[in-house]
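Notes for the one structure printed next.
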Amino acid sequence: MSLAKNKFLNNLNKLKKNDIFSIFLYFLLFVITLRTIEQLFGKSTYDWDIDHRMYYAIRLLKGELNYVKEFDDQLPIIQYLFLLPAYFKNVNLWTFFSILITFFTSFKLFLFLKIIVIKEWQFKNLQFVNKAALLTSLFYLFFISSLNGSFSHINATATSFSILSLITYTNNFQSELDKRKRIINFIRSVIYAALSISMRPYFAPAIVLVVIWNHLRKKNLINPVKERKKSYLINSILKEIVIYLFLILIFGLLLNFTPYILHGDIRSFFNGIYLN
């Protein structure tokens, strides 16, 4: 009788824990859904800073690049990103794009965490892994939607690009990937990083530090190396980091600078960068 009672109580406790977790997940989903609907269909729910971005995009539609006649404290890429919303005179197009990128990042974060926990941490409890990954990915959406300006502000998109960059780079440390896949991941990570840093330059130190951390993590945790190999490893790490940073700079310049070359306003670009 006592065994049956204990079994019943254990099952009841498990049920309570699962219910609390499910309620919490549904709460997060409810808040995220409300904020998404509000951002897409609410009136004047976006940050006033977006009006600024729309204004400069409208100037570009009239053939005027940033820094030529008016100074802007942002890099030119933001002016390009707002071209479509400015053309249709609809801020919701930007908000929709931002929501898509943020939800896509949340999904990639979910998959990424599952890979890390199962393959590297050797967790066997798949139910726990799925719950942890789902909770983290939902928290990402919850925190982004809680920012000032929520999904409509450029912070959401810039943050998502930085996360995508780091996920893609970290995925390269999976042993089963071939050389071609590693190169593709490397280039994708560079492009995401260039986009993120172009939108929010202060993301640069964080991205670089996580790139360095990945190599230290591989050396000490995933695949520990002997003392005699350490000098070779340090040189290869420094080489990859230098290449990574160089490519971010090149892609960043291509993304921001190319229209100035085509328009013949190279001096204006460098003047704007200098003032910033």
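The values are calculated or read from the model by the stated rules, or taken from the named source; none is laboratory data. Worth saying up front: this structure is predicted, and the values here are computed from it rather than measured. Cβ coordinates were reconstructed from backbone atoms using ideal geometry, including for glycine residues, and neighbour counts include every protein chain displayed. Heavy atoms of the whole protein, side chains included, go into the accessibility calculation; ligands, DNA and RNA do not. Shrake-Rupley method; radii C 1.70, N 1.55, O 1.52, S 1.80 Å.
Could you tell me whether the stretch 122-219 comes out rounded, prolate or oblate from its Cα gyration tensor? Rule is a ≥ b ≥ c as square roots of the eigenvalues, rounded for a/c under 1.5, then prolate if a/b exceeds b/c, otherwise oblate.
Values: a/c = 2.12, a/b = 1.14, b/c = 1.86.
It is oblate, given that a/c is not under 1.5 and a/b is not larger than b/c.
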task: May I ask you to derive the FRET efficiency for Leu100 and Phe24 from their Cβ-Cβ distance with R0 = 22 Å, giving the value to the nearest 0.05?
output: 0.30
message: Relative contact order of the chain, please, whole-number percent, based on alpha carbon pairs below 8 angstrom and at least 6 residues apart.
response: 21 percent
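Protein chains only, probe 1.4 Å: how do Leu25, Leu111 rank by accessible area, largest first?
Details: Leu25 20, Leu111 65 Å².
Sorted descending by solvent-accessible area, the residues read Leu111, Leu25.
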message: Please compute the length gained on full extension between Gln174 and Asn235, using 0.36 nm multiplied by the number of residues separating them and subtracting their Cα-Cα distance.
response: 19.9 nm
- prompt: Given labels modelled 7 Å from the Cα in the Cβ direction, how far is it in nm from Arg267 to Glu64?
  reply: 1.9 nm
query: Using the alpha-carbon atoms, what tilt in degrees (0 to 90, nearest 10) does helix 266-275 show relative to the longest principal axis of the chain?
result: 60 degrees
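What is the dipole size for the chain, taken about its Cα centre, with +1 at each Lys and Arg Cβ and -1 at each Asp and Glu Cβ, in debye to the nearest 20? Please report the intermediate quantities before stating the final value.
Values: 32 positive and 15 negative charges, 330 e Å.
So the magnitude is around 1580 debye.
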message: Rolling a 1.4 angstrom probe over the protein chains, ignoring ligands and nucleic acids, what is the accessible area of Phe251 in square angstrom, nearest 10?
response: 60 Å²
message: Which residues does the label zone of Thr258 cover in the stretch 82-104, counting backbone N under 19 Å from a point 7 Å along Cα→Cβ?
response: 82-85
task: Rounded, prolate or oblate: pick one for the stretch 38-197, where a ≥ b ≥ c are the square roots of the eigenvalues of its C-alpha gyration tensor, a/c under 1.5 means rounded, and failing that, prolate if a/b is larger than b/c, else oblate.
output: oblate
message: Let me cross-check Tyr67: its accessible surface, 1.4 Å probe, with only protein heavy atoms counted, in Å² to the nearest 10?
response: 20 Å²
- line: Per the 1/(1 + (r/R0)^6) rule, R0 = 25 Å and r from the Cβ atoms of Ile37 and Asp73, FRET efficiency to 0.05 is 0.20
